[in-house]
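Okay, structure first, notes after.
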Amino acid sequence: MAPPPPPARLPRSLPEARLLASEFWQAFTHAPRALRLAWQTSPRLLLGLLVWTLLMGALPSAIAWVGHGLVDSVVAAQRGGDRTAAIRWVGLELALVLTLLVAQRWQLLCQSLLRAQLGHTVHVHIFEKALTLSLPQFEDSQTYDLLTRARREASTRPLGLITKLLNVLQNAVSLLGFSALLMTLSPWAVLALALAGLPAFLAEARFSGEAFRLFRYRAPETRMQMYLETLMAREDSAKEVKVFQFGPRLLQRYRDIYLQVYEEDRALTWRRHRWGLALAILATLVLYGAFAWLALQTSAGKLTLGAMTAGLLAFKQGQQAFGALLQAIGGLYEDNLYISTLFELLDLPADPEPGDASTGPDPQDGLRFEEVAFTYPGADAPALAGISLHLKPGQTLALVGANGSGKTTLIKLLARLYQPTAGRILLDGRDLQQWQPAALRLRIGVIFQDFLRYQFLAGENVGVGDDRHYDDEVRWQQAADRAAAHETLAGLPQGYRTQLGKWFDGGRELSGGQWQRVALARALMRTDAQILVLDEPTSAMDAAAEVEIFDRLQDQAAGRMSILISHRFSTVRRADYIAVLDGGRVVERGSHVELLAADGTYARLFEQQAQGYR
Ligand code: ADP
């Protein structure tokens, strides 16, 4: 777990202030990449935003300058000068104010359109990345944290960063304008303007950094909270939560996490509030000092009334612009830190899936495990060790063993979801690592014990088994027929076009055994698959259904290798070859008859099960 965040302090010493200065530049680190992202999303919207923003930056000081002209022309008219001049100034000001209004509206429009588009682009990038992550990466809690954090902030932060960049630009342009105006009065006025705003910025940068560190350090709690939400509010967990009366405990845990998180937030919010208030008071004092100076200068006749009006306005709005600029930089800093999560995720190295072979040198060799060992990342003991097996085309291998003996791990390696830590697996005489992943996966039809029950159409639930024929109704039926699922699916209210699951309107739920047939049909979609791997495919079916299914499978097995995991010896004994696993090793191997004759673990397990039936 990450260490708790350091206690917050404002910079006291010079080195610390220097550190802050370098943190200041960090606020812009990811700006180019965020801009590129926005540019790719919509160059027109980005350019539009830029133009309106520049206009909005330039207009306020121009309006103040017009005010200067207006007041002076009125004073001059009172003294007998040209009266129409004042009206011309008013007209000019009206034009500028109207332009500002239009710019503001257009800026908002561009922003909301870009928000939607950019949020979508970023989500698509995140999911594209997620689809390329390897299984070990998914199972790594840090990568998972990264994914969760990136997703949570994906729709707001990138636009936030860009809006704040533009805010910085807009207020910087305004400030330049106001400073130019104030310079005509006194350089000291410009300096006072700057000094009043600086402490507020330093505080802002510090607190945003702290908020981010808090957010990052707390990711596991937030993830637990999201998980608890899922448990309490989803149909697939409702059954168990109810029968175990587990709900109140879940809710209490949810509350506890909130309280802990709130406590930390509260402390930070309070510190932020105190500093913010003190610095705002300081800024106001400086502002009124400047007002007093302007009033004195004008009373003494050193400034015209128009200059004083413009000066007051420039000071007031200049300080606001300065505040807004600093706040934008503070926010930028925060968005930048959050967005670093997104870019960290997008930059994760893709799973190195080398290999470009789509055939092997010796198709008759079938499948070979050579001294294969595997240890899960982070585990201390190997899940598999010294596994050597050979399966020829047309043969069936059954894996037998207690829970946790490594059967599923073995087929995960075969499906190349993990890489062996030692040894190699060969298909048609070629190491799996040298195969092109797509070509390899087409050759293997796998159905895992914890297969997914998609809330899609019944036919689609079969179709996912082969993306090339995802929508092919004829193939759905053929596969379902091979898995003895056709009658069930055809008998649904809209046949294969019936929505399954309960999440969407008109959804039908299937029984565990029926779902298993659908899953089996899914694996059988790949008619050209050379290897069929079935992890307890009939565990939820009745004995008659199981016999029927294996008879059908055997009829179609011609030339195909099958690997089967099952705890039922009625199924296992049909296999040509049986491997008994224990603690990640093959302890016995042979046919049913041979293994019974050997009178070892297999014979003992068989006898135990047989007794149960007597
Ligand atoms: P079986 O299929 O024979 O019941 P598995 O192959 O699923 O057994 O598990 C073998 C061993 O590997 C077990 O000790 C299990 O705890 C461990 N294991 C399984 N899956 C994972 C995983 N994703 N990460 C870490 N360890 C795992």
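The values are calculated or read from the model by the stated rules, or taken from the named source; none is laboratory data. None of the values given here were measured: they were computed from a predicted structure. So basically every Cβ, Gly included, is an ideal-geometry build from the backbone, and we count neighbours across all protein chains shown. Just the protein is used for accessible areas: all its heavy atoms, side chains included, with ligands, DNA and RNA removed. Shrake-Rupley method; radii C 1.70, N 1.55, O 1.52, S 1.80 Å.
Out of ALA484, ALA490, report the one residue that is touching an Asp or Glu at 6+ places or on another chain (Cβ under 6 Å) and either assigned by TED's automatic domain parsing to the domain that holds GLU235 or open to solvent by less than 80 Å² (accessible area, probe 1.4 Å) (or both). It is ALA484. Would you check if there is a residue in segment 49-72 being surrounded by fewer than 13 Cβ atoms within 10 Å (Cβ to Cβ) and out of contact with any strand residue (DSSP E or B) (no Cβ under 8 Å at 6 or more places or on another chain)? No. At least 3 residues being away from the ligand (no atom under 14 Å from the Cβ) is the threshold, and among the strands (runs of 3 or more DSSP E) wholly inside segment 318-426 those reaching it are 367-374, 384-391.
Results for (1) of a type in the set (Val, Ile, Thr); (2) open to solvent by 60 Å² or more (accessible area, probe 1.4 Å), shown as yes or no for each residue.
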| site | (1), (2) |
| --- | --- |
| GLY177 | no, no |
| PRO199 | no, no |
| PHE207 | no, no |
| THR222 | yes, no |
| GLU229 | no, yes |
| TYR254 | no, yes |
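Applying the criterion of at least 1 residues that are away from the ligand (no atom under 16 Å from the Cβ), in contact (Cβ under 8 Å) with a residue 60 or more places away in the chain and farther than 18 Å from ARG560 by Cβ to the helices (runs of 4 or more DSSP H) found wholly in segment 432-500 leaves 437-443, 458-463. When restricted to residues that are within 16 Å of the ligand (Cβ to nearest atom), open to solvent by 20 Å² or more (accessible area, probe 1.4 Å) and not in a strand (DSSP E or B), segment 539-583 contains 4.
If the requirement is being under 26 Å from VAL446 (Cα atoms), hydrophobic (A, V, I, L, M, F, W, C) and without any contact (Cβ under 8 Å) to a residue 12 or more places away in the chain, which of these qualifies: ALA598, ALA544, ALA579?
Values: ALA598 fails: under 26 Å from VAL446 (Cα atoms); ALA579 fails: without any contact (Cβ under 8 Å) to a residue 12 or more places away in the chain.
Exactly one residue qualifies, and that residue is ALA544.
Quick one: which of LEU109, LEU118, LEU159 is in contact with a Lys or Arg (Cβ under 6 Å, 6 or more places away or on another chain), within 17 Å of PRO43 (Cβ to Cβ) and more than 16 Å from the ligand (Cβ to nearest atom)? Steps first, answer last, please.
Working: LEU109 fails: in contact with a Lys or Arg (Cβ under 6 Å, 6 or more places away or on another chain); LEU118 fails: in contact with a Lys or Arg (Cβ under 6 Å, 6 or more places away or on another chain).
Within the list LEU109, LEU118, LEU159, the selection yields LEU159.
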